[in-house]
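Read through the structure below, which is laid out as structure tokens, and then see the notes.
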Amino acid sequence: MTSRLIALPGFHPEDLPARFPSPWHGAPSECLLRARDMAEACGHFHADCGRRGLLLLRNEANGEYSAAIAEEPFHEPDGARIQGLPHARSILGTTRDDVFQREAARISLAQLSGGSMTLLAFSEKERAKRPAKIARGGGAGLNLNFEHWNRALLEALDAPIVSNLLFAAALRKAGEPLTPVGSLEWWRGAMPSYDVKWDGMVLSPRTTVKPLAEWLLEGIPFASDPRAEDPFTLQLAPEILLEEKDFIAVMKPSGLLSVPGTGGLPDALTLASRMTGANLTAVHRLDMDTSGILLYAKTPEGTRSLMAAFREGRVHKRYRALLEGIPAGEDGLIDFPITTHPLDRLRQIAAAGGRPSRTRWAKVSVSNGQTLVDFYPLTGRTHQLRLHAAHPLGLGSPIAGDPYYSRAGLIADTPENPLRLHAAEIHFPSPADGREIRLLSEESFPS
């Protein structure tokens, strides 16, 4: 990929953050979206389908703005297909260590701050942080290892954010007084067969690109995850719905983690433990973006009983969701295999060789081009309902407010625009005496 520099005549950003904003979390500023529109109007993008990206640059000598732009064409994976889906293994190939070492030793990387190293040296530094078996591939049998990491690093060089950062570093080295102030990526063209990417959808860079992009940005004032500093997120707390000797049920709001994670974000387990004074154990989870009923065990007996009930299919849940668009039919069964995207581990994809995933659904009402539905998951995969709603093999109508699968993409990632997915009902046997407990929590989606 080759980046190019374009002028942005008359561009005067009014909402530019003081620090380089995170490309992975939070909605992009309006000035980055305006820069995207100006870049596309220039006619310098040529690929019919794939990622496009820009790096907004400020000239410190005259205060004018320009953009480095790049595109990463997309091609469907080769190989046999099942249900029209490629096998998960075909989405990310491998590069043998000896081949990678020869290629990577010849590739020089330059930071915006002036530092440099070869891709091989960077890879060795990163390898020291990783286990030999990188990940289990979301149950798809990918068994990711360092040969996959080799390929992912070579492909990261073609990512728009990396190409643009390397290009900007070369311009700075040549004496251009350019400072990067923001980055944006988006999708153009048809949706991949296995992934949910809408034409014009704003995307975060792939997670396998993140280590290299962050190293290239070292020395540039960089904003942390905006959720860690947002007053709305920091004041979120669970509401206790029911508390018994062996368990507690809470209503988790959207934007709150189910269990402690990285980045210092608040989580419902820690907050509920403080509220009850009990040492709680998670027996299931909800996505951070999903609201609704969540169970925690209070005792070892409660943990064993509830985990067994989930494992044996004796827990039944209903989710309420608001969809963009109007899916065909009134009800039905969605059934296709899903797995974690091997190059972008925040996303799930539809792929042969993935784990079985099944959801029953029923239409509740239609209003203003949106549809209220009930989901009854028969399996419990990560992002199952979100992917089943959005993918054409499912309903083809994404859940409103979804930063990963909706048409707006990352633009939807604001506290004021939560994911409209709510765990509204749960049935489970009491750990104490086996009686069926039924809990309800009505959704309160913003209009």
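Each value in this text was obtained by applying a stated rule to the coordinates, not by laboratory testing. Note that the coordinates shown come from a computational prediction; the quantities given were computed from them, not determined experimentally. Here the Cβ is made from the backbone with ideal geometry for all residues, glycine too, and neighbour counts use every protein chain on show.
Observations on the model:
- Distance between the C-alpha centres of the stretch 73-104 and the stretch 384-432: 29 Å, rounded to the whole angstrom.
- Cα centroid of the stretch 180-250 to Cα centroid of the stretch 260-310, whole Å: 22
- Computed from label points 7 Å out along Cα-Cβ, the spacing between residue 274 and residue 416 is 2.7 nm.
- Quarter of the Cα convex hull surface for the stretch 227-440, i.e. its orientation-mean projected area (nm²): 12.3
- Here the mean projected area of the convex hull built on the C-alpha positions of the chain is 22.7 nm².
- Total lysine pairs whose alpha carbons fall under 24 Å of each other in the chain (8 or more apart, or interchain): 12
- Residues of the stretch 185-207 with amide N under 16 Å of a point placed 7 Å along Cα→Cβ from residue 48: 188-193, 199
- Radius of gyration, Dmax [the stretch 4-216; alpha carbons; angstrom]: 18.2, 57
- Distance from the alpha carbon centroid of the stretch 29-52 to that of the stretch 311-366 works out to 32 angstrom.
- Which of 315, 99, 181 has the fewest Cβ neighbours within 10 Å, and the rest in rising order: 99, 315, 181
- Net length available on complete extension from residue 225 to residue 301 is 23.6 nm, with 0.36 nm assigned per residue and the Cα-Cα distance removed.
- The length gained by stretching the chain between residue 435 and residue 242 to full extension, at 0.36 nm per residue less their Cα-Cα distance, is 68.0 nm.
- Convex hull volume per residue in cubic angstrom - Cα atoms of the stretch 258-357: 169
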